[in-house]
């Protein structure tokens, strides 16, 4: 993209996609997290067929909420999106963004349902959140982009058309995968019961997750777009792209362990729960540290090689991100564990407090330091937020999730990876 789009358009795309990621949360109405827990509980209790009630309830809710949020986005997009060439964004771009938002919301729901049922490979390949939507979606977008570049000029409209097509494909495949792996019987009474049972929890999860995003990188980019415009944010977005890539270890681990966490918690096995969480934090820390060292050695030359010669200074933004990125990996899956194991209210309180601090912090640092101030503020907020999640997880559940510090503990823990993989396969085969 950076080699075929000018910096203003690339920065605009970054703001748009960041806004999409934030809006997916109210569009899924809390089911982005709760569907994982509902599926995991059904899987652990060997009651997979009754999960269809929850899935249908989640689908109908997401469809209704997604349409509502998409309409709000259509009418308010002019306030949040930067101008292009000094002009407001044209209607075609906005309509494509609306369609993309709705497809992303449905795709997230169905892929997270697969994750909760223990089919991690399917979920990881088909997930559609953000611009890094899983192996299948990324492959589709890359191939389609190469085709467009070879026959025509690469534009923002063609990029969004490719994103819509990719989201439609992975959403369809996720639905077919669920239909193949479980019964999708429609029971009106069961659907209504599921809606009533989960509405309170879903509202807390939605609020907590939305507040967490408002204190994170996506909100920083959207706020930056309001104040600086697309060109000034191109370097920040490029650094954030690489940051997301290097955050993949914690993202993948957060996606891989929910079924095991829920099962260990239901069985009351605190030792296993602690071991799972601390091993996940250790793996994420080890990989993230190695990746950070590689980027530090490559420096601005690495960014120029990846994004183009005009993006070398994005390395400075990445350095500002680095402390928060590493500490986020070190704390492991503390936030995920709180939401999966029934402490969504604690999650909501922490994210509410950090977002109250984060939004004005983004504004003030941006005014004083410019776009790089957003990266500095984000890194500091990530440290304090993850520290709060880590401490509260120990207080409420009695377990820690941070990485091991002694090398011998790493070697001992990695021997359990094969056993946990076998347990996941056994959980799937027992359904």
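Which of the residues belonging to segment 324-342 are part of a loop (DSSP other than H, G, I, E, B) and under 18 Å from residue 280 (Cβ atoms)? Answer for segment 324-342, where residues must be part of a loop (DSSP other than H, G, I, E, B) and under 18 Å from residue 280 (Cβ atoms): 331, 332, 333, 341. Taken over segment 339-351, the criterion of being at pLDDT below 90 and either closer than 14 Å to residue 216 by Cβ or buried (at least 23 other Cβ atoms within 10 Å of the Cβ) (or both) is satisfied by 339, 340, 344, 347, 351.
Screening the candidates 365, 354, 285 for the property of being part of a helix (DSSP H, G or I), assigned by TED's automatic domain parsing to the domain that holds residue 236, crowded, with 24+ Cβ neighbours inside 10 Å and out of contact with any strand residue (DSSP E or B) (no Cβ under 8 Å at 6 or more places or on another chain) yields one hit, 285. Scanning segment 60-72 for residues that are out of contact with any helix residue (DSSP H, G or I) (no Cβ under 6 Å at 6 or more places or on another chain) and buried (at least 19 other Cβ atoms within 10 Å of the Cβ) turns up just one, 61. The condition of being farther than 22 Å from residue 59 by Cα and modelled with pLDDT of 80 or more does not hold for residue 114. Considering only segment 88-104, I want to know if a residue exists there that is within 30 Å of residue 265 (Cα to Cα), in contact (Cβ under 8 Å) with a residue 40 or more places away in the chain and either surrounded by 19 or more Cβ atoms within 10 Å (Cβ to Cβ) or touching a helix residue (DSSP H, G or I) at 6+ places or on another chain (Cβ under 9 Å) (or both). Checked segment 88-104: no residue is within 30 Å of residue 265 (Cα to Cα), in contact (Cβ under 8 Å) with a residue 40 or more places away in the chain and either surrounded by 19 or more Cβ atoms within 10 Å (Cβ to Cβ) or touching a helix residue (DSSP H, G or I) at 6+ places or on another chain (Cβ under 9 Å) (or both). Scanning segment 368-379 for residues that are without any contact (Cβ under 8 Å) to a residue 60 or more places away in the chain and surrounded by 17 or more Cβ atoms within 10 Å (Cβ to Cβ) yields 373, 376, 379.
The values are calculated or read from the model by the stated rules, or taken from the named source; none is laboratory data. Fair warning: this is a prediction, and the values are worked out from it, not measured in the lab. Neighbour counts run over all protein chains shown; Cβ positions are idealised from the backbone, glycine included.
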